[in-house]
Amino acid sequence: MGEIVLVRHGQTEWSANGRHTSYTDLDLTAEGERQARAAGAKLTGRKFAAVISSPRKRALRTADLAGLDVTEVTEDLAEWNYGEYEGVTTRTIHETRPGWSLWTDGCPGGESPEQVGERIDRVLARTRTLLEQGDVAFVAHGHCLRAVGARWVGLPAAAGKLLRLDTATVSTLGFEHDVDPVIDRWNAEC
């Protein structure tokens, strides 16, 4: 069985500033482009049965700079819809809503953890058959990929809060004894 290789997109201006970025389509910074190339260097020699990407240009550009040929683009790997919190930092949200957590509260006008989990489950179900052919890469976003890690090992999407994920890092999801889903490597710097 192959592995799922998770590649978080490189740095954007908003990710550098801690602003929630979902549907706002930002370019990578120069540092983000450097990070994406470094992520690609870590993937040298890997053959992918499929490369599935978020439709946001920061993810697609990361895939391109990393040398990955995207075979599918899907909204199922788009970042969490932050609704009214798009472009806002957690610190600012806490000024009016102390104790708020994306992972338990979701976002007004956006998605709940359960809704994100449903999207992730769809893409993971499609991917399981592809893993028989080899590795599959997901190129996407921080909160989305953290939910992927949680759902892969059978936890609710909200358990993604336990999995920190930095920009342009590579993580791998696989199987123990070709049966039990496991997190093989997480948040590896490139």
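The values are calculated or read from the model by the stated rules, or taken from the named source; none is laboratory data. No experiment lies behind these values; they were computed from the predicted model shown. Positions of Cβ are generated from backbone atoms using ideal geometry, with glycine treated the same way; all protein chains shown enter the neighbour counts. These area figures cover heavy atoms from the full protein model, side chains too; ligands, DNA and RNA do not enter into them. Shrake-Rupley method; radii C 1.70, N 1.55, O 1.52, S 1.80 Å.
One residue stands out among those in the range 148-167 that are more than 13 Å from residue 54 (Cβ to Cβ) and in contact (Cβ under 8 Å) with a residue 60 or more places away in the chain: the one that is surrounded by the fewest Cβ atoms within 10 Å (Cβ to Cβ), which is 166. Just so you know, in the range 100-120 the residues that are over 16 Å from the mean Cα position of the chain (by Cα), free of Cβ contacts under 8 Å to residues at least 24 places away in the same chain and surrounded by fewer than 19 Cβ atoms within 10 Å (Cβ to Cβ) include one that is farthest from residue 157 (Cα to Cα), and it is 100. Scanning the range 48-60 for residues that are open to solvent by 20 Å² or more (accessible area, probe 1.4 Å) and under 14 Å from the mean Cα position of the chain (by Cα) yields 55, 56, 57, 60. Once the range 1-47 is narrowed to residues that are among the hydroxyl-bearing types (Ser, Thr, Tyr) and over 17 Å from the mean Cα position of the chain (by Cα), the residue that is surrounded by the fewest Cβ atoms within 10 Å (Cβ to Cβ) is 44.
Residues checked against (1) touching a helix residue (DSSP H, G or I) at 6+ places or on another chain (Cβ under 8 Å); (2) at pLDDT 95 or above; (3) within 16 Å of residue 85 (Cβ to Cβ):
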| position | (1), (2), (3) |
| --- | --- |
| 9 | yes, yes, no |
| 12 | yes, yes, no |
| 18 | yes, no, yes |
| 23 | no, no, yes |
| 28 | yes, yes, no |
| 33 | yes, yes, no |
| 36 | yes, yes, no |
| 45 | no, no, no |
